[in-house]
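Presented below is the structure to which this report refers.
The values are calculated or read from the model by the stated rules, or taken from the named source; none is laboratory data. Fair warning: this is a prediction, and the values are worked out from it, not measured in the lab. For neighbour counting, all protein chains shown are included, and Cβ atoms are generated from backbone atoms with ideal geometry for every residue, glycine included. Please note that ligands, DNA and RNA were not included when accessible areas were found on the heavy atoms of the full protein model with its side chains. Shrake-Rupley method; radii C 1.70, N 1.55, O 1.52, S 1.80 Å.
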Amino acid sequence: MENTPKNRQIIHVDMDAFYASVEQRDNPELRGKPVVVGGKPKSRGVVATCSYEARKYGIRSAMPLSEAYRRCPHAVFLPVDFAKYRRVSQQLHKIFQDYTPLVEPLSLDEAFLDVTASLRLFGSTENIARELKKRIKDELNLTASIGLAPNKFLAKIASDIQKPDGFVVIDEDQIEAFLDPLPVERIWGVGPKTAEQLHELNVRTVRDLKKIDKPTLNRLFGQLGNQLYYLARGIDDRPVEPEREAKSIGREITFQQDLTDPEVLKTYLLDLSLDVGRRLRKAGLKARTVTLKVRLADFKTLSRSRTLNYSTDLDKEIYKEACQLLDELHLKTPVRLIGVTAHNLTCGEIQQSLFATEPGAEEKITKALDKVKERFGEDSITLARLLIQKNDENKLD
Ligand code: DCP
Ligand code: MG
């Protein structure tokens, strides 16, 4: 970590209930009401997002629309208007560019800005952050939550902690007091599975996590252990990467023990596909090419791709292609890493339903999980949880 840049000033901006707020802005009748964006209440789709009024009824992103309807039948249900949200997103990014060229968009409504070098021009970074918020309100008539901190990790948590309409500044000397009481789930990379492992060690807060030394974390979590060690101390040297226009969206996983059973590998592929699909939809993108990456026990790495004659953002399509690519490899050697990536990205227009709400999908998940349980016993249920609780997953991508 010797090269950690010093005294950086990073802003994270995340619009509040983005799609729903745009709809409420454009139709005053919807203001103050529970609004659900995703499609018709009784259709098979899922909630893309909902207004804060709707969140009081327990409605959340990725929840089946039928459930949202059950929770709040008088909510206004609207289709997803990608073209409109993309236009607003472009206006938002134009505002960002007035303050720094170092803007890294994460999705239509979210970005990191490195304003370290903008200081001299605009006074304090807090000024910049306040001005950004004001301009978003005045020019777009929308609210954003903003976090300002010395790095991306802290800025992202800061923007989330006071939502909606939040404004949180974390100075260098407040990092420890800010992080220590937070649940470990807030740390980037701690999904449900890692959280459960940590809870078993009686680690619930960041303060608890700091009591575990680095070698122990490495032994328990491999590479992730390092990440946990540094993030728990508020250290994150990832730069803001401006021209990162997503060329691909992917995720891979390294196993603690090499795996051979194709059914178990497919269960992991399912988990990875759910994540890739969710991130595609969140970015308003669709992919034409799916790539499977496999690293074998002897470190040989194989990569196989398939290009479809249509674009997709559906978990089940991504999963299906990944499984087929895996089958075609006819693997005989144990696998130490597996990954799924979506390439050839284009802007998606139509919101599609999530895999888990498609008929027959649950059946497939259940079958896959049953196979894991058959083979490894009930303890392997952590993997099942990992799949089922996917929507609760930590938001920092
Ligand atoms: N989105 C989606 N499907 C998801 C999550 C999000 O289609 N599973 C879309 C709709 C959201 C937009 O992406 O409006 C931004 O996602 P956020 O996670 O930032 O959620 P919101 O902006 O809606 O709400 P919040 O105020 O919590 O940021
Ligand atoms: Mg948002």
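Brief remarks follow.
- Segment 159-175-segment 36-93 distance, computed between alpha-carbon centres (Å): 27
- Computed over segment 180-319, the P(r) tail beyond 24 angstrom holds 47 percent of alpha carbon pairs.
- Summarising the amide proton neighbourhood of LEU285: residues at separation of 5 or more, or on other chains, whose placed amide H is nearer than 5 Å comprise GLY348.
- Solvent-accessible area of ARG130, all protein chains in place: 130 Å² (probe radius 1.4 Å, heavy atoms, ligands and nucleic acids excluded).
- Segment 180-231: C-alpha gyration tensor shape, a/c 1.5 cut-off, then a/b vs b/c: rounded
- Residue separation of HIS74 and GLU252 scaled by 0.36 nm, minus their Cα-Cα distance, works out to 59.9 nm of gained length.
- Under the criterion of Cα pairs below 8 Å and six or more residues apart, the relative contact order for segment 195-243 equals 27 percent.
- Among LYS214, LYS320, LYS134, the order of accessible area from largest down is LYS134, LYS320, LYS214, computed with a 1.4 Å probe on protein heavy atoms.
- Distance in nm between pseudo-label sites at ARG25 and LEU201 (7 Å out along the Cβ direction from Cα): 4.4
- Couplings for segment 236-241, taken from phi via the Karplus curve 6.51 cos²θ - 1.76 cosθ + 1.60 with θ = phi - 60°, read 8, 9, 4, x, 7, 9 Hz in order; Gly and Pro are left as x.
- 3J(HN,Hα) along segment 134-150, derived from phi through the Karplus expression 6.51 cos²θ - 1.76 cosθ + 1.60 where θ = phi - 60°, amounts to 5, 5, 4, 5, 6, 8, 9, 6, 9, 10, 10, 9, 10, x, 10, 7, x Hz, with x in place of Gly and Pro.
- Our coupling estimate for segment 52-67, obtained by passing each phi through the Karplus curve with A = 6.51, B = -1.76, C = 1.60 and θ = phi - 60°, is 4, 4, 6, 5, 4, 8, x, 6, 9, 4, 6, 6, x, 4, 4, 6 Hz, Gly and Pro reported as x.
- Accessible surface of ARG233, taken over heavy atoms with a 1.4 Å probe and every protein chain present, rounds to 70 Å².
- Segment 147-272: relative contact order as a whole-number percent, Cα under 8 Å and 6+ apart: 21
- The spacing between segment 183-210 and segment 288-341, judged by their C-alpha centroids, is 30 Å.
- Amide H contacts of VAL46: LEU65, LEU354, each under 5 Å away and 5 or more positions distant or on a separate chain (H built 1.01 Å from N in the peptide plane; Pro and chain starts excluded).
- With kT/(6 pi eta Rh) evaluated at 10 °C and eta = 1.306 mPa s, and Rh the Kirkwood radius from Cα pairs, segment 94-150 diffuses with a coefficient of 136 µm²/s according to Stokes-Einstein.
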